[in-house]
1. Mind checking the log10 I(q)/I(0) for region 626-773 at q = 0.16, 0.18 Å⁻¹? Debye, one equal scatterer per Cα, no solvent, two decimals.
2. Given H placed on each backbone N at 1.01 Å, which residues far from V514 in sequence or on other chains put an amide H within less than 5 Å of it?
3. Between K745 and L166, take the C-beta separation as r, use R0 = 56 Å, and let me know the FRET efficiency to the nearest 0.05.
4. Here are some pairs, K625/K745; K763/K882; K320/K407; which of them have Cα atoms lying more than 24 Å apart in this structure?
5. Structure shown: which of K391/K430; K33/K201; K105/K669; K677/K711; K660/K711 lie over 19 Å apart, alpha-carbon to alpha-carbon?
6. With every protein chain left in place, what is the accessible area of Y738 in Å² (1.4 Å probe, nearest 10)?
7. Are any of the pairs K451/K637; K467/K517; K560/K709 more than 23 Å apart by Cα-Cα distance, and if so, which?
8. According to a simple spin-label model (label point 7 Å from Cα along Cα-to-Cβ), what is the distance in nm between E461 and V110?
Amino acid sequence: MFEDTDDNDSSKQSIQAFYSHLDSTTCEQIVGKLRAKNFTISTHELHKENEDREIIFDNIYENSRKVSVVLVFLSTSFSQSKSSNTIFYLSSSSGIPLLSLIIEKDFEPVEELGVLVARYGYVRWSDDPEVASSIDDVEKQIRELIPPHIPTKSDCDVLATLDSILDILNEEDNSKVDIDEICQSLCVTLKSTKENIEDPKQLLPIAVEVFLRYNLIIGKNDDHFIKLSKDIGSEIDSFLQKSLLDAEKHDPFGEDHKRAQMTFSRVFNSLATFPTTIYFLDKGFMLKNSNHARILFWAARILLIASCRRLFNTEQDAVKFPQQQIVLQMWLKYVDENTQSFNYTNLIPMLLAIFQNLSANVGLVPLFVDACFPSTVVSWLSSITWMLNDKLQLIPLTIIYNFARHKSGVDALNQLGTIEILQIRQPFFKSNTARPDANTLYHITLALLYKPENINHESVEIEAILKELLSKTLFTFQDPKLTYGILPLREFFLAFNILFINEELITKTLEQTVDGKSIDANFFMDMFTNTLKEDILAQTLLLNIMYRITSTKSFRHQVKENHVFVNTLKKLKSKSMKNIYLPRYTVDLLTAVNGILRNLNMKEQSSTDKSVKMKVFSNQSNSIKKKVMISYSHQNKGFCKALSSKLEEDSQLSIWADWKRSGHNYAWKDIGTNMDKADVIICIVTQDYVGSQNCMCEFRYAIEDLDMKSKNGLIPILIGRDYKLPGHVAIPMKGPDYIRFNAYKGFDMEVAPSTQDESFTSKCQAVRDRILYGSNEQDIEKDKTVVSKTDDNKTNTIEPKIVTAPTKPVHEWTEQDIAQWLASIPVPHELTALCKFQSVEELLDYAHDFKVNETIIYVALKDEFKDKYGSTLQRKHYLSLKNAFEQLLVDNQSKDELNVQKSSQTQTNTITSRSCMLM
């Protein structure tokens, strides 16, 4: 476990760089700048030939122990190399970190390469003459990928002595070993190390290794251990005390995120052993000052130091968190039981601080939810033990606030009625003397817990939240440190991003004056352009707010006139962004930038002519397909895919959704193009849809720009019997009826509905009928009449006639029998009057056409009906007519009975050439 190997020798590690031979000049310039920053880099040119694969294999796979990072220079010519993808696969299989550097302007990896690049971090090289920032960005990303050096026995005599002790304890017969001599040697080296190494950055890594080895020694059941533990225990305690005290004062990790993450994971995993976790079942074990109690105390101090920064905030980092829920659950149980019984120990405040630090990592919230933290933490709000202590009462509030940043946390907290409990406890927060920002944190937490449909601009509670946020945001923006209490400015942006889901609330906010300051769009733009240059999360949240603001037409002109802000946006388009784990209803920075520019009409739109919406169905083609675009939230991706799959079973439909895109390039161009081309746009409107800026942007584009509602080309879908649209969505969507699907478990977590769900299948059929026939569900609810206009403009009511069909075989029907059969169909006679047949052959030909060309026939009948009677053909009447013709074919399939052959003209689809005359 602690063996000294060459793998840990950083001097023998290197960066392997790969690029196309056509990009050699640019790449060598960049490599030269990186070498100047003390990186050891080996470069390799790629060509289109397969010989490159041998070079790649030798330099990545065979030398994996000496390769610390693989650097790939991406361009069009690189993507054309047959071996380009091999680099990614070999790096992944060898466990070597990889960084992509996009060196060609506007180049976007697509297809398989695009998918591979999206899995790793990447940096976009800037053409700006001031390349220092780009070099610094690349350097920072590379250093974060290089594994930190772990001290070994070759680095420190203390570790060498501890390793010797472990070796002795592992021997079967160690009775002849001089324990006194070993203990004396260890005590001497501990004192020497403590006195000679003053830099906390050097001392803490050694202290961590001492702790890990000491934990192993304590776990050994050996006769020598009794004497050994007494002799070295106090000296190790002294060494750890000095090392951790210095670390707590000087922040030994600094910008070394990787080392902090590694330190936390290794110490945390060491606590997952049975002898350690079992002691948490004894509430008072920390008071006994046992060896295990001391181990847990030192572990908690190390973990607290390491967790002060957000170690697992990116998507890649979140999956690296140690999968040891048993440790978290034991800690929670220990804290809960001891605080309720007033049995405080020095371990409790450290564990609570670790809970707060870890839950601040948005990506870890699901882990806490799975470990049943929400119910216990919310119960603390109802405990008088917690609420009467100014310091303790803020701990559950802070943890709840952290949970509310993630959707799974919000769902868990809302199921527990957390909003109501917080409102009851507000007087405690308002009067808290230990933290003046307690009441502000309370208001931010409430905002994050609200669901989009519950954000009402006329609500008294929302009014109070908005007033508090605006006042404290203004105060914090004027503070040199950009903090209010311990709340940084970005925490306020989180709340605004949720509240601004409601457009009326945006308007209300940007018309207010707070403390003599006019609040408008410039208020938020000034915060973005004047501060927060290094805080990527704050920038991302602010741009999400501006994305929502520019979605409201009345404020776009003000944003356009702020040239400083607009120019900053355009520069950000080429800036490299680290992939951070975003709170709910938040898009990444570059998506927000492109969304704002698109709202301002300052980004190139799809070149597709919107006149494609005015299609005329040609009677000369049977290959026409209705183009359907599905707008949805990625949280409902499973439902969207299932719906798409069902609709694609109909050959008359062509379905597009953004998950069919390849690569990871900017999505709006593809989305805009397919919306422009679409005959029908389906909006799967859920809570997640309403909360998404991107989805609402698509929604507005469909209604305001493409006017799909008036063209009967908008189909809104709701999921769940109880779900109701918020007013700011329901009002602009008013017109087309919704098709409501049943809710099912997991539809908001990308889970697909069951294939055995008959309700889902029938609803999909309703969607399909709406697409093809263009009528609303409300048609079914209308009276069974059709309104027509006579020549003298008088309105008459046309009643369907009830006539029985002829009883003799179809092949014996005369023209009069055919007329009687048409009259027996339960539709208004005005509809059947549009068709005349002179023979059974013509009737059956037309029935066959109904089966293979129903879209064409429907359009022709609808147009003729509209022209002749001045009213719309109702879908239910058309379907009755269609069903009658289909049944006619079923009833007359026998060749002996029919005695007719299908005319070759059946496949021509030329309705106007038939003997069936459309009057």
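The values are calculated or read from the model by the stated rules, or taken from the named source; none is laboratory data. None of the values given here were measured: they were computed from a predicted structure. We place every Cβ from the backbone using ideal geometry, glycine too, and count neighbours over all the protein chains shown. In case anyone asks, the SASA skips ligands and DNA or RNA and just uses the protein heavy atoms, side chains included. Shrake-Rupley method; radii C 1.70, N 1.55, O 1.52, S 1.80 Å.
1. Debye curve over Cα of region 626-773, log10 I(q)/I(0) at q = 0.16, 0.18 Å⁻¹: -0.83, -1.09.
2. I519
3. Calculated value: 0.65.
4. Working: K625/K745 34 Å; K763/K882 20 Å; K320/K407 20 Å.
Exceeds cut-off: K625/K745.
5. On the way: K391/K430 13 Å; K33/K201 27 Å; K105/K669 17 Å; K677/K711 14 Å; K660/K711 26 Å.
In this structure, K33/K201; K660/K711 exceed 19 Å between Cα atoms.
6. Estimated to the nearest 10 Å², Y738 gives 80 Å².
7. Numbers: K451/K637 20 Å; K467/K517 13 Å; K560/K709 29 Å.
Too far apart for the 23 Å limit: K560/K709.
8. My value for the distance between the label points is 4.9 nm.
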